[in-house]
Amino acid sequence: MREEIAAGQASAGRVRDYQIDAMFAMPGVNLQLRTYHHEAPSEGGKARADHVLSVSLSGRPRGSTGRYIHDRRETRPFHFGNITFVPGGVPIMGWGPGGLQQTLSCRLDYGAFADLALFEQGLSEDRLLACGDIRAPQMEEMMRRLAHELRSPGFARETMIDLLVRAAIVDVVRHVRQDGEGRRHHSGGLSPVQLRRLTDYIASSLDRSPTIAELAQVCGISAGHLMRSFRQSTGETIHAHVQRTRIERAQALLAKPDRSIKEIAHLLGFATPSSFAVAFRKARGQSPTGFRRQVLRG
């Protein structure tokens, strides 16, 4: 049994700050493709009874931060990643710089999935923080495929959606188990201050390629120590982080029509628009032009 609801249909009496572009519901699952347009920075908080898996299809804006409420107090802040999970019953507070955002929201009924028992038995703060930034390229690609099923229904749509949702649930649990354990047991990584200083420096230097020696100097450690510690702290290499940050910034810039593809390529340090297009297609599975057309069309 399933239910499909026309895009843009509002619930009676509910005020919302987004437009629904597509919607699909089946037992235990409610999916929505949403477009947010905040002209100014925004701040808010919410708590839902169900679990929510949220995926930014346009790239989470730089500076988006949040805090969960754990044991009646706020956790330390975290930067929202492109994929975020909010366990049912856990309040969350967030701040964003505004702008256009396209997201896929996947609401999962509390108690409906045995694999989500981890989130229904109480989480440590480390595991809860691991939910705020789920870095799993294969999962992001899978969620984009799920979004495509909502936009363009195909053969055996309900079966495909069910399989993709269940696979996403498994990926979330795997990530939180591994990342949460890593936060507790790994030693020798960068301190939170060093990591923030480094990622901020990288984000402000995307128009060129800072050297490892330069980045090591920012943290006050050797180049070898930096490479080992960065991977231990984040699970990715510095090169992979720089490339991912560039693509996320590209998505945010492409979501606005005021800059040409050539300008964006130059701003992000690509030698030519074609090299930018190759990197973007490799990361997102479509060209910058195709991505922009999709986002602006809504």
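Just a few scattered comments:
- Residues being modelled with pLDDT of 90 or more and open to solvent by 60 Å² or more (accessible area, probe 1.4 Å) - total across the range 284-295: 1
- Subset of the range 64-80 [open to solvent by less than 30 Å² (accessible area, probe 1.4 Å) and aliphatic (A, V, I, L, M)]: none
- Search result, residues across the range 1-30 that are in a strand (DSSP E or B), within 16 Å of L108 (Cα to Cα) and at pLDDT 55 or above: M23, F24, A25, M26, V29, N30
- In the range 31-45 there is no residue matching the filter, namely being closer than 24 Å to A147 by Cβ and part of a loop (DSSP other than H, G, I, E, B).
- Within the range 101-151, tally of residues that are assigned to a strand (DSSP E or B) and among the β-branched types (V, I, T): 1
- Screening the candidates I92, I134, I83 for the property of being touching a Phe, Trp or Tyr at 6+ places or on another chain (Cβ under 8 Å), crowded, with 21+ Cβ neighbours inside 10 Å and under 26 Å from R281 (Cβ atoms) yields one hit, I134.
- Filter result for F80 (among the aromatic types (F, W, Y), at pLDDT below 90 and out of contact with any Leu (no Cβ under 9 Å at 6 or more places or on another chain)): yes
- Checked against the criterion of being assigned to a helix (DSSP H, G or I) and either loosely packed, with under 15 Cβ neighbours inside 10 Å or of a type in the set (G, A, S) (or both), the candidates R231, R281 yield just one match: R281.
- Members of the range 46-74 found to be assigned to a strand (DSSP E or B), among the aliphatic types (A, V, I, L, M) and in contact (Cβ under 8 Å) with a residue 60 or more places away in the chain, listed by number: L53, V55
- Within the range 83-100, considering residues that are part of a strand (DSSP E or B), over 14 Å from V55 (Cα atoms) and not hydrophobic (A, V, I, L, M, F, W, C), the one modelled with the highest pLDDT: G94
- When the range 152-164 is limited to residues that are under 24 Å from the mean Cα position of the chain (by Cα) and assigned to a helix (DSSP H, G or I), the one that is surrounded by the most Cβ atoms within 10 Å (Cβ to Cβ) turns out to be I161.
- Criterion (under 24 Å from R60 (Cβ atoms), open to solvent by 20 Å² or more (accessible area, probe 1.4 Å) and of a type outside the set (D, E)) met by exactly one of L129, L108, L100: L100
- Of all residues in the range 255-276 being touching a Pro at 6+ places or on another chain (Cβ under 6 Å) and open to solvent by less than 60 Å² (accessible area, probe 1.4 Å), the one that is farthest from L215 (Cα to Cα): I261
The values are calculated or read from the model by the stated rules, or taken from the named source; none is laboratory data. Note that the structure is predicted; figures quoted are calculated from it, not measured. Glycine gets a Cβ as well: all are built from the backbone with ideal geometry, and neighbour counts include every protein chain shown. Surface accessibility is based on the protein's heavy atoms, side chains included, excluding ligands, DNA and RNA. Shrake-Rupley method; radii C 1.70, N 1.55, O 1.52, S 1.80 Å.
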